[in-house]
Number of protein chains: 4
Amino acid sequence: MIRRVAIVGAGGYTGVELLRLLCLHPHVELTCLTSLEEVGAPVSRVFPSLPKRIALKLETLDLDRVVAASDIVFTALPHKAAMAVVPPLLAAGKKVIDLSADFRLRDVGVYEQWYQRHTCPELIPEAVYGLPELYRERVRGARLVANPGCYPTSAILALAPLIRHGLIDLETVIIDSKSGATGAGRSVRLGSLFCEVNEGFKAYGVGSHRHTPEIEQVLGDLAGAAVIVSFTPHLLPISRGILSTSYAKLKKAVGGAELSELFQEFYRDEPFVRVCPAGELPNVAMVKGSNYCDLGVVSDPRTGRAIVVSAIDNLVKGASGQAIQNMNIMAGFEEGLGLQVVPLFP
Amino acid sequence: MIRRVAIVGAGGYTGVELLRLLCLHPHVELTCLTSLEEVGAPVSRVFPSLPKRIALKLETLDLDRVVAASDIVFTALPHKAAMAVVPPLLAAGKKVIDLSADFRLRDVGVYEQWYQRHTCPELIPEAVYGLPELYRERVRGARLVANPGCYPTSAILALAPLIRHGLIDLETVIIDSKSGATGAGRSVRLGSLFCEVNEGFKAYGVGSHRHTPEIEQVLGDLAGAAVIVSFTPHLLPISRGILSTSYAKLKKAVGGAELSELFQEFYRDEPFVRVCPAGELPNVAMVKGSNYCDLGVVSDPRTGRAIVVSAIDNLVKGASGQAIQNMNIMAGFEEGLGLQVVPLFP
Amino acid sequence: MIRRVAIVGAGGYTGVELLRLLCLHPHVELTCLTSLEEVGAPVSRVFPSLPKRIALKLETLDLDRVVAASDIVFTALPHKAAMAVVPPLLAAGKKVIDLSADFRLRDVGVYEQWYQRHTCPELIPEAVYGLPELYRERVRGARLVANPGCYPTSAILALAPLIRHGLIDLETVIIDSKSGATGAGRSVRLGSLFCEVNEGFKAYGVGSHRHTPEIEQVLGDLAGAAVIVSFTPHLLPISRGILSTSYAKLKKAVGGAELSELFQEFYRDEPFVRVCPAGELPNVAMVKGSNYCDLGVVSDPRTGRAIVVSAIDNLVKGASGQAIQNMNIMAGFEEGLGLQVVPLFP
Amino acid sequence: MIRRVAIVGAGGYTGVELLRLLCLHPHVELTCLTSLEEVGAPVSRVFPSLPKRIALKLETLDLDRVVAASDIVFTALPHKAAMAVVPPLLAAGKKVIDLSADFRLRDVGVYEQWYQRHTCPELIPEAVYGLPELYRERVRGARLVANPGCYPTSAILALAPLIRHGLIDLETVIIDSKSGATGAGRSVRLGSLFCEVNEGFKAYGVGSHRHTPEIEQVLGDLAGAAVIVSFTPHLLPISRGILSTSYAKLKKAVGGAELSELFQEFYRDEPFVRVCPAGELPNVAMVKGSNYCDLGVVSDPRTGRAIVVSAIDNLVKGASGQAIQNMNIMAGFEEGLGLQVVPLFP
């Protein structure tokens, strides 16, 4: 029952995070790690957190080699690069979990408006958006899972119960999100330097961030109607974590305790969603290193708004952990395998 | 032209910040520093940033001594404690800049609803809300200035141009604010420990923070009508800085460049407000240690909202720096004296 | 083969760290958690990292209850408090791993000189110093293990190979150590506030830190002669991690590659010591959350000194992880159970 | 009495730090800022801390232009680049403060051993090592000042009193230094990324850092004999600050109070050295943004060693602030002009 797993794009932060977690997976054998840089080096030399755990070396991407070595492939590439690699892997019968944005948007036009020309639109219809809390059954049968973006994961899980229950005015949704610096990846840029980020805080991509249409697509599915949101990302001077504060006008007065219960009920059977007791709110520090999404909800009678706060580790539930959760579902494994680590606090 | 200055409550973070800045003020002689704790110790022993700069010791609060020693008094006490001390100082003819919340709200009922019973309501009418950008002329003649709260300073300066020009729907204002840890003061609490704050991020006081009525009072003044806002504070794992992201529905379409110009114009003569060029947004790192408020504004045609981002150093423009700016206006000094330091970046 | 485990003093950082790791231990059932504070509260409310993982509540310390509920007890109390609790637990037949300093020093006189009067000297002879790399066989048979201090663990593992091989002049040993803020525990003190620690760095306890005699005792064992060291701790503005830089004069010239090989050989069979390749040095970020001690050694021909750099997570190999490693050895479990987590980087 | 000042290499962290401080200098007019990158951009756009303070744009380096525009030039270039630029500036009669290493070492052979071939050895004899506390009179008459390295400044000021008084065994000097990340400059490298530095700590350049011969040269001057030291730099996850912990064997027993007094006496008239009261030790947080060097000394009777702890802001006393102090001395200004800012704590 061991599956051979390859990671295409193992040299970045989502790559090393897949490695950290898959080390603990009882049914996975890592067989092939590709990278653009540091080819030939032991991955434990590139990431000195890994000695004694993984003996593999980084390899140049060779699709034949990946196909021969693996049953399941995680593609952890930038968008555009991913859509070049995924089709031959699927054609060779592999199951693919793609961590890029390339197969997340159902509408090619929307994709091309926010990203660039899509070179493989024929695969889009079969790609399943891999948010297990909403699409678990479709993930189970998928060959290709489009692993959700980090911000969308935090925003969608926060708003889904309100929308499903028809409680909010869909024209009033504002999502104010804050992400740790791993969200920008491991590429070497002035704006990612320690001294440029440390003790700072800023907004970016206001009104124009590419995760916006992804959020709107899923919220629209839930609502059965188009949803347009304000989404504002910010850069936190921490390594890991996203906290999203989402606002929406309630259609009618609903108390905080009632909202809290409704969230508890909505996520009752979910292994990786934790709803805070009424009156308490999440903190990114309490999910660090884990696959949990923590949620807290407040009803504000003065303004008639619901405010939902959601916290995830952007590298885990926001990327690699959720990808493993999807793999588990696709492969018929127990959904929490490889994801058993407890949040690292303090 | 030297004024003798006392600080009542010099042992906290706003106290030491007053000291840091007043050291550089050419017309101020510090004469008396009171504190509840570490009485008798040189202030440079309590704050080892200060040796070679200030030779004074901390004293127990003795009103006669303060009255005798000073022309101007900064009261940097918690609310409730402040309203016991301010009246005798005024009665003795001192000018007072009060950094607490006790004299900020014009409506005693509102104060008592959000704080506690007010023991000195008779002084409220003459207290001037010390936001020079809006109330400079009234500050000039004041005996008692109520120095604004840190969050309100950042939110009001962000929204004032939009409201004054009647551009936004007043029922749609949402202010999502994030503050560094000095905002919680120097009192010793579990939640303020390094290991509880570091690498964390959370919301608190959602729908219930005491700075809400202060924001609403001033925005209401600007609008000439009641304004109710959603205000959500968050705790950033940095020492200094507030960044507020404010959202409001535009009544009609206005482009980003036009909004940017309008902000430039609104604050043209203000020494301590810097409006970013269109397309750029502030970062708390760029105001650290200084009295600047940096502002950036975006118009989002997809949602019809204006988004304004404002950044201040919560200890300077959000507290002690603004208090000195008010003192300069009250005393007839050049408004920027003592506030000439350039932001410390990186 | 399940052992029932109690934690006496579960409300601090070493307590929550035991919980984080023991959650993953296949042969442990947590049965009883005591604390001085927040008694009655679910431990997952006190530490919001733990919901969905541990359902226990914190209890007042009741020795009869602890005895009835457990086979093995971790005492995570301050020194002095520990030596009051350990004797009755041993008398009741429990195995005890004590994380305090109370049973680490063999010489009562030395203990009383650096700490205070010892109230239970009769147990000292049988206590085993729980550093498995040096005392594994003695740990195996122990009823009472004195779990090493965090600084001593990092310093002893760094110097042991040099001393065992007689390579250094014992009068020249200097250990310059730097620890993250969790080392100060969770007690509420001004010096532990975020704003007092953040962006700062300082030495403390120079020439007088209580871990000095502990280091000297073990190095003396290794040398077969008295060893006096200079030990200087510093406070790092991070949550977790100790890095120690140790200096000693080499008795004769030995090259860096040779030293590196000698370290590799010395720790060849150790599951939790990783010696860096020659020319590389450890970083606390690469052991975070794990039980590893990473070591790097340099030979400096200009000065004739060896410099050894060692990195641990102070809460894991420096406290709770090592305690679990000791428990595993005492209980006959595989030594790495509960300690399988991979370091969390980034 | 205004001097026109140019900065060659204004785009880095020492460049922006010169700007921050020179803004406040009453006798300086900034006239010309050169940079390799972002030429043509207002410096306030490159460093958004500077709007409202400096209107200049960054220019390509054009020596004729620099010569025409300035009386005094700060060269803030990497070593090697500096020695190409300094000679023509001197030839044109400018006073030059060079922040690189190119003119710090008196012995060309030593320079070439640690750096590279020296292309301008004829200027080395007249260059003055700009540590005012030791060489003030020579600085006064200099045309060319070699501004000291950051680590050497912290180490030399710590050890000078002990060596001048002949108190220590010169063969036992160990300097364990820790620096904030601005020490690595603003160049874009993987190892300087936020996520690679944050929550980490490591040593680097052990036994081989280029500041070693600089330290040894000045300590040798003080001793009147060759001095060989162990010097180990470490990278702190903070933006600013160096703390050095220096160890040396005392030739005879000297108490801590006596050492402390001796330090007080040694630096009695120095405006920028602050010796802590006996029993207290410095913290980098207490010098942040200022030109102070804080010193604390301990005598350890157990080991017969003196331990000196020194703290500076690496960008101020370790670079740009000291450069301005040197300029003031060279130009006959009051030594503290432009350096009056109080440390920013918290």
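The values are calculated or read from the model by the stated rules, or taken from the named source; none is laboratory data. From a predicted model like this one, the values you see are computed outputs, not experimental measurements. FYI the Cβ positions are ideal-geometry reconstructions off the backbone, even for glycines, and counts take in every protein chain you see. We work out accessible area using only protein heavy atoms, side chains counted, and drop any ligands, DNA or RNA first. Shrake-Rupley method; radii C 1.70, N 1.55, O 1.52, S 1.80 Å.
Quick look at the numbers
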| quantity | calculated |
| --- | --- |
| Largest to smallest accessible area among B:Tyr115, D:Tyr151 [probe 1.4 Å] | B:Tyr115, D:Tyr151 |
| Table column - 3J(HN,Hα) (Hz), segment D:9-20, Karplus curve with 6.51, -1.76, 1.60, x for Gly and Pro | x, 8, x, x, 6, 6, x, 5, 6, 4, 4, 3 |
| Vicinal HN-Hα couplings computed from phi for segment D:22-36 (Karplus, 6.51 cos²θ - 1.76 cosθ + 1.60; Hz; Gly/Pro x) | 5, 3, 9, 8, x, 10, 10, 10, 6, 10, 7, 10, 10, 7, 7 |
| Alpha-carbon centroid distance for the pair segment B:269-284 / segment D:154-229, whole angstrom | 40 |
| Under 5 Å, built H, 5+ apart or other chain: amide partners of A:Ile168 | A:Lys251 |
| Enclosed volume per residue, in Å³, of the convex hull spanned by Cα atoms of chain A | 135 |
| Whole-angstrom gap from segment B:73-106 to segment C:37-80, using each part's C-alpha centre | 47 |
| Residue-wise HN-Hα coupling along segment A:334-346, computed from phi with Karplus coefficients 6.51, -1.76, 1.60 (Hz; x: Gly, Pro) | 4, 5, x, 5, x, 10, 7, 4, 8, x, 8, 10, x |
| Residues with amide H under 5 Å from that of D:Val28, placed H, sequence gap 5 or more | D:Arg3 |
| Value of relative contact order over segment C:84-178, rounded to a whole percent, pairs C-alpha under 8 Å and six or more apart | 28 |
| Charge dipole (debye, nearest 20) of chain C; +1 at Cβ of Lys and Arg, -1 at Cβ of Asp and Glu | 440 |
| Occluded residues from segment B:210-238, i.e. those whose accessible area drops by 20 Å² or more once the chain is not alone (1.4 Å probe) | B:Ile228, B:Ser230, B:Thr232, B:His234, B:Leu236, B:Pro237, B:Ile238 |
| Carbon and sulfur %, accessible surface of the protein assembly as shown computed with the full protein complex present, 1.4 Å | 52 |
| 1.4 Å probe accessible area per residue over the protein assembly as shown, in Å² | 31 |
| Threshold 20 Å², segment B:247-274 residues less accessible with all protein chains present than alone (1.4 Å probe) | B:Tyr247, B:Arg274 |
| Hull-based mean projected area of segment B:182-264, where the convex hull spans the alpha carbons, in square nanometres | 7.8 |
| Length-normalised contact order for segment C:1-137 - Cα pairs under 8 Å, 6+ apart - percent | 21 |
| Cβ-vector label at 7 Å, C:Glu126, separations to other copies in nm | 6.9, 7.9, 8.2 |
| Most fluctuating residue given options C:Gln113, C:Gln322, C:Gln217, as computed from a GNM of chain C linking Cα atoms under 10 Å | C:Gln113 |
| Segment A:112-134 versus segment C:289-346: alpha-carbon centroid distance in Å | 44 |
| Local electrostatic count at C:Thr245 - Lys and Arg +1, Asp and Glu -1, tallied over other residues with Cβ under 14 Å | 0 |
| Shielded by partner chains, segment D:176-196 residues - at least 50 Å² of accessible area, 1.4 Å probe, vs chain alone | D:Arg186, D:Val188, D:Leu190, D:Leu193, D:Phe194, D:Cys195, D:Glu196 |
| Amide proton proximity set for B:Cys293, modelled H, under 5 Å, gap of 5+ | B:Val273, B:Arg274 |
| Chain A, relative contact order [Cα under 8 Å, separation at least 6], % | 17 |
| 222 nm mean residue ellipticity, helices alone, for the protein assembly as shown (DSSP H n ≥ 4; -39,500 (n - 2.57); rounded to 500) | -8500 deg cm²/dmol |
| Between helix B:321-331 and chain B: long-axis angle, C-alpha atoms, 0 to 90°, nearest 10 | 70 |
| Dimensionless Rg/Rh of segment D:150-314 - Kirkwood Rh, Rg from C-alpha atoms | 0.98 |
| Cα gyration tensor, segment C:1-82 - rounded (a/c under 1.5), prolate or oblate | rounded |
| Unsatisfied cross-links (Cα-Cα over 27 Å) in the set B:Lys57/B:Lys94; C:Lys251/D:Lys317; A:Lys251/A:Lys288; B:Lys288/D:Lys95 | C:Lys251/D:Lys317; A:Lys251/A:Lys288; B:Lys288/D:Lys95 |
| Angstrom value of the Kirkwood radius, inverse mean 1/r, which spans all Cα pairs in the protein assembly as shown | 33.0 |
| Contact surface B-D: accessible area buried, both sides summed, square angstrom, 1.4 angstrom probe | 3200 |
| Nearest-0.05 FRET efficiency for A:Ala55 and A:Val110, computed from C-beta distance (R0 35 Å) | 0.20 |
